[in-house]
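A short worksheet on the structure shown next.
Every number here is computed from the coordinates shown, using simple stated rules; none is lab data. Keep in mind it's a predicted model, so treat the numbers as computed, not measured. All Cβ positions, glycine included, derive from the backbone under ideal geometry; neighbour counts span all protein chains shown.
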Amino acid sequence: MGRLKLLPRLNVIVTILAFCMVAYHIASIFYLFVEPDEHKNIHLFFALVILFLSQIENNKKFWPLTLLFVILSIAATCYIAVYYHDIQDRIGFPTTADVVIGVIFIVLCLEQGLSQELINTILFKVVLKKPIIHPRYF
């Protein structure tokens, strides 16, 4: 019952995060706040958190897993933000934590479909002329 009361607040949180993402991107056009790689990390933070939070209402059966993905998105992007310069210093020699965060990013992006849509467009629509049929959407 507490979960159902959270949904209207969740829509407000998603709306506020989306507004913040738009405001950040508009401001970043005029001012250089961070380096390009840090900008990508901020963009990925907003995109993953907003998309996973918006899926909680539509996927009520698996909402704990989706909430876990939100937490992993926040944790992974915060790791990159905090250790950005250290990661740059050890390019080519990743630590175990770097590899784990990288795997988490790959899983989150594939789950969200950011990479799947690109693969679908390039490989199956252009090369094979057939779309991917995913059981989650049917």
**Message:** Being among the charged types (D, E, K, R) and in a helix (DSSP H, G or I) is the filter here; which residues of segment 33-79 pass it?
**Reply:** Asp37, Glu38, Lys40, Glu57
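I'd like the residue in segment 80-95 that is assigned to a helix (DSSP H, G or I) and aliphatic (A, V, I, L, M) and, out of all such residues, is surrounded by the fewest Cβ atoms within 10 Å (Cβ to Cβ).
Quick first cut of segment 80-95, residues assigned to a helix (DSSP H, G or I) only: 80-82, 84-89.
Filter once more, so that each one left must be aliphatic (A, V, I, L, M): 80-82, 87.
Working: Ile80: 20, Ala81: 13, Val82: 10, Ile87: 18.
Checked segment 80-95; the qualifying residue surrounded by the fewest Cβ atoms within 10 Å (Cβ to Cβ) is Val82.
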**Request:** Go through segment 69-99 and give me each residue that's closer than 19 Å to Ile42 by Cα and aliphatic (A, V, I, L, M).
**Result:** Val70, Ile71, Leu72, Ile74, Ala75, Ala76, Ile80, Ala81, Val82, Ile87
